[in-house]
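**Student:** Input: one structure, supplied below.
Throughout, read-outs are computed from the coordinates displayed, never taken from laboratory work. This one's a predicted model, so the numbers in the text were calculated from it and none came from an experiment. With ideal geometry, Cβ positions are generated from the backbone for all residues, glycine too; neighbour counts draw on all protein chains shown.
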Amino acid sequence: DVKVTQSSRYLVKRTGEKVFLECVQDMDHENMFWYRQDPGLGLRLIYFSYDVKMKEKGDIPEGYSVSREKKERFSLILESASTNQTSMYLCASSSGGSNQPQHFGDGTRLSIL
Amino acid sequence: TQLLEQSPQFLSIQEGENLTVYCNSSSVFSSLQWYRQEPGEGPVLLVTVVTGGEVKKLKRLTFQFGDARKDSSLHITAAQPGDTGLYLCAGIPSLAGNNRKLIWGLGTSLAVNP
């Protein structure tokens with residue numbers, strides 16, 4: 001079974017802090033994704049990566065950056081956290097090729113105070 | 001504009017009832033995927049439909065892809081409390097330049113009461 005592990009289930013930070021969310025997958029997947037999930041807004045793609053050191057902006061990249069130094073690890077960085085970044089953050093991975101499913105971690109519920 | 005429209009948004013039914021959830025678009029999709037998400041967890045893939053008119057069954061769940069590949073439905077027979085969750089459809093538009101990025105519906109939140 002594919003395992004996608006997110007470093008924290010719950011996280012509380014203060015406005016202005018730099019926040020790191022880590023995600024690791026164990027299936028040698030090429031693609032990795034960061035989403036946020038908010039009531040009424042569904043899943044929104046922040047950034048994705050299709051190879052080591054490669055990244056592409058998703059639909060809502062503002063206020064975020066990412067890092068993929070190794071194939072198995074994809075980090076999401078909130079450069080200066082703000083209260084409107086309070087959300088559920090979900091990491092996913094998928095193998096290359098079309099129609100491949102995404103495998104998700106259990107999410108990090110982040111609160112910015 | 002939401003490319004994938006899911007309906008209904010919320011559904012609360014009694015155990016044993018049947019239900020259908022819809023995922024509609026004006027665009028053609030190369031495939032559609034259905035996921036279920038339980039509280040406190042990430043979405044988990046249920047099925048992928050690829051061919052227009054395709055029907056797939058997963059125990060009491062029946063998935064159908066429209067002939068024109070613009071819509072899909074999920075039918076649950078004799079719902080059980082364990083079916084409770086958020087049902088999400090997602091797909092890649094046929095004309096999309098990037099085939100890695102899924103388009104997501106907003107989901108149908110299903111509650112099955114004992």
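**Student:** Calculate the mean, over all residues of peptide A:104-112, of how many other protein chain Cβ atoms lie within 10 angstrom of the residue's Cβ. Numbers along the way, then the final one.
**Tutor:** Details: counts 7, 2, 3, 5, 0, 1, 0, 0, 0.
The mean count of partner-chain Cβ atoms within 10 Å per residue comes to 2.
**Student:** Taking the Cα centroid of region B:1-33 and of region A:70-113, what is the distance between the two, rounded to the nearest whole Å?
**Tutor:** 24 Å
**Student:** Loop only per DSSP, at most 10 neighbouring Cβ atoms within 10 Å: give me the trypsin sites (Lys or Arg not before Pro) in region B:56-94, ordered by residue number.
**Tutor:** Those that pass, being in a loop and sparsely packed, are B:K59.
**Student:** Another question about this same structure. Starting from the Cα of A:K3, draw a straight line to each of the lysines and keep only those under 26 Å, dropping any in the same chain fewer than 8 residues away.
**Tutor:** A:K53, A:K55, A:K57, A:K70, A:K71, B:K56, B:K57, B:K59, B:K101
**Student:** Same structure, new question: Summarise the partner chain shielding of B:37-47 as one whole number: the mean count of Cβ atoms from other chains within 10 Å of each residue's Cβ.
**Tutor:** So the per-residue partner count for this stretch is 5.
**Student:** Sticking with this one: Kindly provide the GluC sites (Glu not before Pro) of region B:1-33 that DSSP labels as loop, not H, G, I, E or B, and whose Cβ sees at most 13 other Cβ atoms within 10 Å.
**Tutor:** Filter output for region B:1-33: B:E15, B:E17.
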